[in-house]
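The values are calculated or read from the model by the stated rules, or taken from the named source; none is laboratory data. The model shown is predicted, which means the values in this text are computed figures rather than measured ones. Every residue, glycine among them, receives a Cβ derived from its backbone with ideal geometry; neighbour counts consider all protein chains shown. What goes into the accessible areas is simple: the full protein's heavy atoms, side chains included, and nothing from ligands, DNA or RNA. Shrake-Rupley method; radii C 1.70, N 1.55, O 1.52, S 1.80 Å.
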Amino acid sequence: MELLLNVEPTQQSIHFVDQTITIFTEMYEIPNKREICFVVHELIINAVEAMQQMQFTEVKEIIVHVIKEADVLKVTVTDEAMGIPEEKWSYILEANFEELDYSDRGRGFLFIKHMVDEIWFENLPNNRFLVGVKKTMNK
């Protein structure tokens, strides 16, 4: 199964993606559906907030791509906000709960990291940034 969504960086899009992912996880009986919904929610919020800070003059989109193959679920979220600087990737991916400072921002990736098997970042052409996660599904 495959799901591809192109949405604008708005609050309405966050709700739309949340509802769509909830339906997808229920329809295809995805184990740990609450965790998957949380992960996608955090990823889409990050993309929307990053793109809103850019203040584009033309309409831009966020692409949410979900692939379910056998017992693996892969989710990628791509935005056009230039992403996280590459020198910060290892800090984000290696952070742990002992380093959590309870600030208003920055906790999403920490939680996501503990809910999936793999998380990665990619810089793509045209100032696009991709965050991907992979989760092995065990019933």
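Worth a mention:
- The stretch 1-97 - accessible surface per residue (Å², probe 1.4 Å): 59
- Accessible surface of the chain, 1.4 Å probe, proportion on carbon and sulfur as whole %: 50
- In sequence order, the stretch 27-39 has phi-based couplings of 4, 9, 6, 6, x, 6, 4, 5, 5, 4, 4, 4, 4 Hz under the Karplus curve 6.51 cos²θ - 1.76 cosθ + 1.60, θ = phi - 60°, and Gly or Pro positions carry x.
- For the peptides 74-83, 44-53, the ranking by mean Cβ contacts within 10 Å, running from highest to lowest, is 74-83, 44-53.
- Under-21-angstrom lysine pairs by C-alpha in the chain, whenever the two are 8 or more apart or on separate chains: 19
- The coefficient of translational diffusion for the stretch 11-72, derived via Stokes-Einstein from the alpha carbon Kirkwood radius under 10 °C and 1.306 mPa s, stands at 124 µm²/s.
- Here each label is just a point 7 Å from Cα along the line to Cβ, and for GLN53 and ASP18 those points are 2.2 nm apart.
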